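*Asks:* For reference, the structure I am asking about is given below.
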Amino acid sequence: MIDYVNPFYKMSGILSTALLLAVVPGYHVNIFIAGIALFCLLGSQRTNFITAIKFLMPALLVALSFFFAGMKFYSGEEISAQTNLTISEASVLPPSFVNGLMLSTRILAYAMLGLVFGLTTKNNELIASAIQQARMKPEMAYGILAAVHLLPTVREEYRRSKLAYRVRGVRGRAFLSGPIFCMLIRTVRWSEFLAMAMEARGFSNQRTSYLEMKVRMSDIVFGLGLPASVVTLALLNRFL
């Protein structure tokens, strides 16, 4: 299952696939990758489908807008060679429709890949995998994890700073520089305290980890198989 794939290999496979989608033409590949991502989400036990729908709805609206924009502002040039269309498809499908379909499905594929990684990966497992498989320094890795966990605190501090300014009678603009400045000052102080706390607790390269991330054959298959499927499908669409 996608939940138990090593996060480093999962990230490598998804990032390489996203880069390939940017250069591989054809809407067939985009639909294929979006379908695989949907299958992974449906088979995941960690996925909250309400959260997935909330993130997917804006992506669908953007994809729909790109579809109509691609159809309306199509330049009229021949795109059958650029989109890997077969002779039958080039004669049946209008070029403007294919242009809009290619743009919209690419946006949808990117959104689905992001949802797969974001909703099926735990932060602790990602950091442990980055340290053990990607050889990232523990100080940097745990600093990133601490920054992620501090984001709700930073947002709450900004809300309190805005409330303090309103109590003093400072109103008018919704985006005030004063609360942002106070928030940044306190964030710097939090980062200093956090760095001292990590140093006092022995966060270094010699520190052991309670979470051991193992590499299985299924992890390697996912990391290499997902981008390989994009290349294979693109070649099949081009030569068949």
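The values are calculated or read from the model by the stated rules, or taken from the named source; none is laboratory data. Keep in mind that this is a model prediction, so the values were computed, not measured. As a convention, Cβ positions derive from the backbone with ideal geometry for all residues, glycine included, and neighbour counts pool all protein chains shown.
*Asks:* Check off (1) modelled with pLDDT under 90; (2) over 22 Å from residue 230 (Cβ atoms); (3) under 17 Å from the mean Cα position of the chain (by Cα) for residue 57 and give me the number that stays unchecked.
*Replies:* Just one mismatch for residue 57, condition (1).
*Asks:* Looking at 115, 119, which is the one that is assigned to a helix (DSSP H, G or I), out of contact with any Ser or Thr (no Cβ under 7 Å at 6 or more places or on another chain), touching a residue at least 60 places away in the same chain (Cβ under 8 Å) and farther than 28 Å from residue 201 by Cβ?
*Replies:* Numbers: 119 fails: out of contact with any Ser or Thr (no Cβ under 7 Å at 6 or more places or on another chain).
Result: 115 is the single residue among 115, 119 that is assigned to a helix (DSSP H, G or I), out of contact with any Ser or Thr (no Cβ under 7 Å at 6 or more places or on another chain), touching a residue at least 60 places away in the same chain (Cβ under 8 Å) and farther than 28 Å from residue 201 by Cβ.
*Asks:* (1) small (Gly, Ala, Ser); (2) closer than 14 Å to residue 8 by Cβ; (3) in a helix (DSSP H, G or I): which one isn't true of residue 104, the others all being true?
*Replies:* Only one criterion is unmet by residue 104, namely (2).
*Asks:* What residue, of 202, 169, is at pLDDT below 80 and farther than 27 Å from residue 143 by Cα? Walk me through how you get there before you give the answer.
*Replies:* Details: 202 fails: farther than 27 Å from residue 143 by Cα.
Going through 202, 169 in turn, just one is at pLDDT below 80 and farther than 27 Å from residue 143 by Cα: 169.
*Asks:* Could you count how many residues in segment 1-54 are over 17 Å from residue 223 (Cα atoms), more than 15 Å from the chain's Cα centre (by Cα) and hydroxyl-bearing (Ser, Thr, Tyr)?
*Replies:* Qualifying residue count, segment 1-54: 2.
*Asks:* Restricting to segment 26-59, give me the number of residues that are over 24 Å from residue 98 (Cβ atoms), part of a helix (DSSP H, G or I) and touching a residue at least 60 places away in the same chain (Cβ under 8 Å).
*Replies:* 5
*Asks:* Shifting gears a bit: Residues to consider are 174, 134, 164, 141; find the one that is among the aliphatic types (A, V, I, L, M), under 21 Å from residue 202 (Cβ atoms) and either modelled with pLDDT of 80 or more or not assigned by TED's automatic domain parsing to the domain that holds residue 11 (or both). Steps first, please.
*Replies:* On the way: 174 fails: under 21 Å from residue 202 (Cβ atoms); 134 fails: under 21 Å from residue 202 (Cβ atoms); 164 fails: under 21 Å from residue 202 (Cβ atoms).
Testing whether each residue is among the aliphatic types (A, V, I, L, M), under 21 Å from residue 202 (Cβ atoms) and either modelled with pLDDT of 80 or more or not assigned by TED's automatic domain parsing to the domain that holds residue 11 (or both) leaves just 141.
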